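Below is one structure, written out as structure tokens, with a few remarks after it.
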Amino acid sequence: MQYRYRKLTKQELEELKGYVSISTKILRGSIFFLISLVLSYFFSQIMKLLGINSSIGIVFFLILIIFYFYNQDKWTGGKKFYDSVKLDIENNRCRLIVVYLKTVIKIKESENEGSCYIVKDIDGKFLFLSGQELSLYEENGFPWSSFIVKESINAKVEFGIEKNSQSINVNQVLPTCSVPLDTMKKIGAFKKMVVFLTDENMELLKKEILVGDSIFKAENLKI
């Protein structure tokens, strides 16, 4: 892999500003407030039908609000993420990670979830790519023998990937399968389209890739 740097584009800068703007915080809080209000109303109506004091809905609402304030850092990244984004905006720099592929394994799309890819670069590092947005890159010929991952330096906010060479053939195609949701969460696939895998995460993937009703054997993975 190679690392390059450039200024943030106007679009990238605006995206970062969106993470730390007051309006974004207000919008998130308002949405949760409204959802809590609706849930509390239906909860109180159910309690009323069961002969229980419907005022318990107020207690339920307060519990939801307290839950939100105690857990909002998990959903927004908290102060550490906020400070990192602010620093990225001040520095106005984007990191370009240039990846040169050696091996490409494609996992076929399942139920419109988009294809997944496990790729190995020339340095022996593994990456996992997933998400419906990958289909847009596939329309442009992905996988390419080299591509660029764009991200902010401190908060590591991902800005997508960029073509850096011509298309290449896939080394192996696995039938439609799924990676357990718990495994996807552990490797960080829900947070980013491109995940740079640790050795531990790679071993976890090889053990838990599901094909049909069986687990795909690690020795059959051509890496």
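Some points to look at:
- Lone unmet requirement of (1) open to solvent by 40 Å² or more (accessible area, probe 1.4 Å); (2) in a loop (DSSP other than H, G, I, E, B); (3) modelled with pLDDT under 90 for SER110: (1)
- Members of the range 168-211 that are basic (Lys, Arg) and assigned to a helix (DSSP H, G or I): LYS185, LYS186, LYS206, LYS207
- Residue pairs whose Cβ atoms lie under 9 Å apart, separated by 6 or more positions or on different chains, with the first residue in the range 41-63 and modelled with pLDDT under 75 and the second among the charged types (D, E, K, R) and in a helix (DSSP H, G or I), are SER54/LYS48; GLY57/LYS48.
- Applying the criterion of being in contact with a Ser or Thr (Cβ under 7 Å, 6 or more places away or on another chain) and not hydrophobic (A, V, I, L, M, F, W, C) to the residues of the range 149-171, the residue that is surrounded by the fewest Cβ atoms within 10 Å (Cβ to Cβ) is GLN166.
- Output for the range 172-197, where each listed residue is touching a Leu at 6+ places or on another chain (Cβ under 7 Å) and either open to solvent by 60 Å² or more (accessible area, probe 1.4 Å) or closer than 19 Å to PHE147 by Cβ (or both): LYS186, MET193, VAL194, VAL195, PHE196, LEU197
- Some residue of the range 24-32 being modelled with pLDDT of 75 or more, of a type outside the set (Gly, Ala, Ser) and touching a helix residue (DSSP H, G or I) at 6+ places or on another chain (Cβ under 9 Å): yes
The values are calculated or read from the model by the stated rules, or taken from the named source; none is laboratory data. Fair warning: this is a prediction, and the values are worked out from it, not measured in the lab. Note: ideal-geometry Cβ built from the backbone for every residue, glycine included; neighbour counts use all protein chains shown. The protein model used for the area step is the full one, side chains on, heavy atoms only, and it has no ligands, DNA or RNA in it. Shrake-Rupley method; radii C 1.70, N 1.55, O 1.52, S 1.80 Å.
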